[in-house]
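Single-structure report; data block below.
The values are calculated or read from the model by the stated rules, or taken from the named source; none is laboratory data. In this text the structure is predicted, and so the values were computed from the model without any measurement. All Cβ positions, even for glycine, are placed from backbone atoms using ideal geometry, and neighbour counts span all protein chains on display. Accessible surface areas use protein heavy atoms only, side chains included; no ligands, DNA or RNA. Shrake-Rupley method; radii C 1.70, N 1.55, O 1.52, S 1.80 Å.
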Amino acid sequence: GVALRFSTLESRAEVVPMVDAAARTTVATIARLDNRDELCDAFQIPTAARASVPDGHLVRLAYERWGEGCPARLLGDWSLAAWHADERRLFLARDHLGSTGLYYAHVGPLLAFASSPEALALLPEVASPIDEWQVVRYLAIFPGEPDRTLWRDVRVLPPAHSLTAVDGRVRAHEYWRAYAIALKLDQDL
């Protein structure tokens, strides 16, 4: 299920999920992009049409052009899910700072995702018991694993990460690091 949230003027034209029947792909996004002009230039969208192009559509175009490399080119608050039916491949990605929520549960053959952990905990295949060790870490302000949540079978995709799932294998990838940028800036000085 999808619930649309209209946070910008152009988001009123948003269509989610976006289905490409020819390519047999389905893309779902939630997005508020800060580099709209740069992306519109890259996709040669005329200036007059830009105000009516939803951010989610720009995310889909970025994914079509750059594939799993697109997250590094998107600036703002966004999350992306792309399903490739022929390959039975799911790609998930989350913005650089983690402003949007993107949670997943991988239990046996099930891989489900949602923007809230509570939605996943309602699935009968997902064990919803609280992970007591995570509660202790949270209350003690002791850093834990970056993908753990308070629910045993529910994980969060960390900021600046993407996830690819194929044939029951799930692989997460960090596509950006803030401290790598700071190190580069420090070296340049």
remark   = Taking the alpha-carbon centre of each part, the distance from the range 97-133 to the range 52-78 in Å is 24
key: Cβ-based charge dipole, the chain, positive-most Cα from P129, W78, N35   = P129
message = Please give the charge dipole size of the range 26-163, origin at the Cα centre, charges +1 on K and R Cβ atoms and -1 on D and E Cβ atoms. Round to the nearest 20 debye.
response = 60
ask   = What is the calculated FRET efficiency for W66 to D34, with r their C-beta to C-beta distance and R₀ = 22 Å, to the nearest 0.05?
value = 0.80
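When the dipole is taken about the Cα centre of the range 30-69, and only Lys, Arg (+1) and Asp, Glu (-1) are charged at their Cβ, what size is it in debye, to the nearest 20? Please list the in-between numbers first.
Details: 5 positive and 7 negative charges, 30 e Å.
So the dipole magnitude of the range 30-69 works out to roughly 140 debye.
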key: Segment D20-R89, extension gain: residue separation times 0.36 nm, minus the distance between their alpha carbons   = 23.3 nm
note = Heavy-atom accessible area of H57, protein chains in place, probe 1.4 angstrom, given in Å² to nearest 10, is 60
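So for the range 39-189, averaging the separation of alpha carbon pairs under 8 Å that are six or more residues apart and normalising by length, what relative contact order in percent results?
Relative CO of the range 39-189 lands at 20 percent.
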key: Among [x] 0.96; [y] 0.99; [z] 1.48, the entry that matches Rg/Rh (Cα atoms, Kirkwood Rh) as calculated here   = [y]
note = Percent relative contact order for the range 19-83, counting Cα pairs under 8 Å at least six residues apart, stands at 53
ask   = Which distance in nm do the two modelled labels at D147 and T164 give, with both placed 7 Å along the Cα-to-Cβ direction?
value = 1.5
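For the chain, return all DSSP H helices satisfying: extent of Cα atoms along own axis at least 18 Å; mean Kyte-Doolittle hydropathy at least -0.5.
On the way: long enough: none.
Helices passing the filter in the chain: none found.
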Rough spin-label spacing in nm, given labels placed 7 Å along Cα→Cβ, for L75 and S116 = 3.2
inquiry  = Under 10 Å, Cα contacts only: if you run a Gaussian network model on the chain, which one of L120, L80, L111 comes out with the highest mean-square fluctuation?
reply    = L111
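Please report the relative contact order for the range 108-176, taking Cα pairs under 8 Å with a sequence separation of at least 6, and give it as a percent rounded to a whole number.
Details: 73 pairs, mean separation 16.0, N = 69.
Normalised by residue count, the contact order of the range 108-176 is 23 percent.
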